[in-house]
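What follows is a single structure, written as structure tokens, with notes after it.
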Amino acid sequence: MNYQAFYQETNEQARERFLLVWERIKEIEAEAGGKEPFADYFKRTAAYLNLLGSVYQKVESGELAQMETEALERQNESLYGEVFPEAYETSYANPEYAVRMLGEKFGPLLSLVAVQIRSKIEKAFRGDLLQLTIAMELFVEIYNRFEEEELPEKQDVQQDIYWYFHDYSEIFYEESLRRMLDSREDFEQEIVMDSDLSDLRYLYRYGAYIGENEKKIAAFLNAMPMEQIQAMADTYTEGYRMGFINTGKDLSKKETVEIRYPIGFERMVRAAVKNFEKMNLKPSMRASSISPNKQFDYDQRESRAFYLDKAYAERCLEVRKTYLEENKKMAAGYGGPAVIEVFGEVPFSPASKKEAPRYSEKQQQIEVYERSAAGQMLNQYIKGEERSFTIIAYPIPTIGAQFEEIFAETVKINTLDYALYRDIQQKIIDVLDTAEKVHITGKGKNKTDLYVKIWNLKDREKETAFENCVADVNIPVGEVFTSPVLEGTNGKLFVSQVYLNELNYENLEITFRDGMIADYTCTNFEDEAENQKYIRDNVLKHHETLPMGEFAIGTNTTAYRMAREFAIADKLPILIAEKTGPHFAVGDTCYSHEEDNLSYNPDGKAIVARENAVSALRKTDMEKAYFNCHTDITIPYDELDKITVIRADGSTEDIISDGRFVLTGTEELNKPLDECH
């Protein structure tokens, strides 16, 4: 079976409906769209759906595979051009424009429909006729309401949208889970393994936006010697394998690895697939490209506000449960994700639009509940103590004129001598294990003044509170971390600028009281209420508070030197940035759902600081134990004054002073820092 077999039955069922609804859409476009001020909206949206219909036909007939590069580029621009920043201001996918042109009553709803239709681009390229058809039917159903003599009631249009998402949730969620778990859903695998990668036309087979980054990185990797490609793939797949070994998990039980990769990296991914095959792992795959407009993405982050209620959330959970129960053997064989990330985009600071959809307070609670329940459900079928992951990152051409040098330096960072770091980090851990608490302070304008309570060890000969993190699941090498004791963890965390989950934060300030977030602010917006909402929505993920789930000391001063040398500190992904100073994660611990699966450092000591007072609730109230989020916030060395161990007897010892490592045996880490001056 391949991916087309999954759609064969539903395509046949949908074909007659598709032909009928597509014919109606052609008529709507020819009719000039109906009444004002809605005529332009319906005409333009009908034209877009006609384009999607023609794309589907090109895929089905094989015409797409024969198209020349210039035609493919024009088609890609036609599909995505309306959300390019320069065109977005007059796009109905922009809720601000939709409200201005169509009014507050219908503008937001019709904008949502335009966005939903654009989400079907990839479905047309996959040959999923049913998903394309139901989107067309939604559009026609709403158009018909506006064809009546009187304008429809807002509630009626909203109900059309609600029942579309409710009734077809089974299709949406089953496909999402299948693409994660089932290697037979091989749309991406077929592109990676069977395409002529020297012919960049293959990039357009995905249906994703293909910009300069995707084209340039593919061409760059094509020019790279095969031994270098293989070395990159080996680092990536070996990290995945070692993640199982170092945590005592049995990789032989697993059948599937989920490869998540950026479009343009196919040559490396092809080598990785072959490596995974040697581990008896078949790939499921998810490819992604750089967004053509992050403001568009940000505007739609809470688009479910139009239809999210408790009944819908329960329906979605029911669909997930049914699929996982029917495919529990497949779920048990899922080993976890192997992720390739990219970095190099200009940090994005969004505009906050009052017209953009926003959750009500009740919907925020429902969303938190649904995410928590879905996380628990996944862990029931894909047990945390049996799965692992790996993640690695590379730069993309928009990082600047020195892209090739930065890429080469990143490859070096990803392959640093783990034994050297292991031994240095062990010296740091030996001192940290004597601590009752650790005091972290900033310097200059950095206001950080934070005390972190450390786990009390019962047997220091056999136990440790900190994990010695070498390059396995979390590449590159370079940190020691722990789950802090919440009670007694107090103070202020401050960073002048940080990039979290692709969003930029200026002067981020978080206050902790007994390990829980008590207050927060930033200076992104003039309105303080907007600053707090920005953090609550995107860092706290709509929770009232979150615990400090991790305290770590990054030791990868080589990565820090690279960031300063090429002036890319604001463009580093958290994967690398977290290794360039102390960092603090808000949310779950690093051992979420694995607290009882004991693991050991290279020196043989058991890592016992695996939970906190919140995650310990899993034994009595699972819903309160996990938040299903984990966001790392790093203080760079140049904003750091001291990291000081404070022992129960009152004695102290500095690990870092004035942003430099001062602990005996860590001097090697200062060499890259010296090169920054």
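The values are calculated or read from the model by the stated rules, or taken from the named source; none is laboratory data. Keep in mind it's a predicted model, so treat the numbers as computed, not measured. Here the Cβ positions follow ideal geometry from the backbone for every residue, glycine too, while neighbour counts run over all protein chains shown.
Of note:
- The range 489-507, subset crowded, with 21+ Cβ neighbours inside 10 Å and aliphatic (A, V, I, L, M), residue nearest to THR448 (Cα to Cα): LEU493
- Restricted to the range 219-243, and to residues there that are of a type in the set (A, V, I, L, M) and under 22 Å from the mean Cα position of the chain (by Cα), the residue that is surrounded by the most Cβ atoms within 10 Å (Cβ to Cβ) is MET232.
- Residue list for the range 353-390, restricted to those being within 19 Å of ARG304 (Cα to Cα), surrounded by fewer than 17 Cβ atoms within 10 Å (Cβ to Cβ) and over 21 Å from the mean Cα position of the chain (by Cα): LYS353, LYS354, SER360, GLU361, LYS362, GLN365
- For the range 516-533, the condition of being buried (at least 19 other Cβ atoms within 10 Å of the Cβ), of a type in the set (Phe, Trp, Tyr) and touching a residue at least 24 places away in the same chain (Cβ under 8 Å) holds for none of the residues.
- Check on ASN280, at positive phi and touching a helix residue (DSSP H, G or I) at 6+ places or on another chain (Cβ under 8 Å): yes
- The set of residues in the range 51-95 that are touching an Asp or Glu at 6+ places or on another chain (Cβ under 6 Å) and either farther than 18 Å from TYR209 by Cβ or assigned to a helix (DSSP H, G or I) (or both) contains only PRO95.
- Test: residue in the range 569-588 that is over 24 Å from the mean Cα position of the chain (by Cα) and either surrounded by fewer than 18 Cβ atoms within 10 Å (Cβ to Cβ) or not hydroxyl-bearing (Ser, Thr, Tyr) (or both): no
- Flag: THR666 does not match the condition of being under 25 Å from ASN507 (Cα atoms) and of a type in the set (S, T, N, Q).
- Residue within the range 56-78 that is within 26 Å of the chain's Cα centre (by Cα) and assigned by TED's automatic domain parsing to the domain that holds LYS26 present: yes
- Tabulated pairs, the range 657-677, first assigned to a loop (DSSP other than H, G, I, E, B), second surrounded by 14 or more Cβ atoms within 10 Å (Cβ to Cβ) and of a type in the set (Phe, Trp, Tyr), C-beta under 6 angstrom, 6+ apart or interchain: GLY659/TYR637
- The single residue among LEU500, LEU493, LEU457 that is over 26 Å from ASN531 (Cα atoms) and assigned by TED's automatic domain parsing to the domain that holds GLY554 turns out to be LEU457.
Every residue, every condition in (1) of a type outside the set (S, T, N, Q); (2) closer than 30 Å to ILE396 by Cβ, yes or no:
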| position | (1), (2) |
| --- | --- |
| ALA559 | yes, yes |
| ARG564 | yes, yes |
| ASP570 | yes, yes |
| VAL586 | yes, yes |
| ASP596 | yes, no |
| GLY604 | yes, no |
| THR631 | no, yes |
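- Answer residue from the range 422-445, given it is assigned to a helix (DSSP H, G or I) and touching a Leu at 6+ places or on another chain (Cβ under 9 Å) and is nearest to ILE635 (Cα to Cα) among those: ILE428
- In the range 365-380, the residues that are outside the structural domain of CYS629 (by TED's automatic domain parsing) and in contact (Cβ under 8 Å) with a residue 40 or more places away in the chain reach residues that are crowded, with 17+ Cβ neighbours inside 10 Å and among the polar types (S, T, N, Q) with C-beta atoms within less than 6 angstrom, at least six apart or across chains, in these pairs: ARG371/ASN628; SER372/ASN628; GLY375/ASN628.
- So THR545, is it outside the structural domain of PRO347 (by TED's automatic domain parsing), out of contact with any Leu (no Cβ under 7 Å at 6 or more places or on another chain), over 28 Å from TYR369 (Cα atoms) and at pLDDT 95 or above: no
- All of ALA233, ALA208 fail the test of being in a helix (DSSP H, G or I), of a type in the set (Gly, Ala, Ser) and in contact (Cβ under 8 Å) with a residue 12 or more places away in the chain, apart from ALA233.
- Filter result for PHE139 (assigned to a helix (DSSP H, G or I), touching a residue at least 60 places away in the same chain (Cβ under 8 Å) and either within 17 Å of PHE38 (Cα to Cα) or among the small types (Gly, Ala, Ser) (or both)): yes
- Condition met for LEU508 (in contact with a strand residue (DSSP E or B) (Cβ under 7 Å, 6 or more places away or on another chain), under 30 Å from ILE290 (Cα atoms), modelled with pLDDT under 95 and not assigned by TED's automatic domain parsing to the domain that holds GLU367): no
- SER183 meets all of the listed conditions (1) more than 30 Å from LEU281 (Cβ to Cβ); (2) assigned to a loop (DSSP other than H, G, I, E, B) but one, namely (1).
- Residue count for the range 93-113, restricted to those that are buried (at least 24 other Cβ atoms within 10 Å of the Cβ) and closer than 15 Å to PRO37 by Cα: 3
- Single residue of the range 268-303 satisfying the filter (free of Cβ contacts under 8 Å to residues at least 60 places away in the same chain and of a type in the set (S, T, N, Q)) that is nearest to GLU77 (Cα to Cα): ASN275
- Within the option set GLY264, GLY243, being over 29 Å from PHE84 (Cβ atoms) and either in contact (Cβ under 8 Å) with a residue 40 or more places away in the chain or in a helix (DSSP H, G or I) (or both) holds for one residue only, GLY243.
- Boolean, GLU170 is of a type outside the set (Gly, Ala, Ser) and not in a helix (DSSP H, G or I): no
- As a summary of the residue check, THR631 satisfies the conditions (1) assigned to a strand (DSSP E or B); (2) over 30 Å from the mean Cα position of the chain (by Cα) except for the one numbered (2).
For every residue, the table says whether it meets (1) over 30 Å from LYS254 (Cα atoms); (2) assigned to a strand (DSSP E or B); (3) in the same structural domain as MET562 (by TED's automatic domain parsing).
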| residue | (1), (2), (3) |
| --- | --- |
| GLN295 | yes, no, no |
| LEU308 | yes, no, no |
| LYS321 | no, no, no |
| LYS329 | no, no, no |
| VAL339 | no, yes, no |
| PHE348 | yes, no, no |
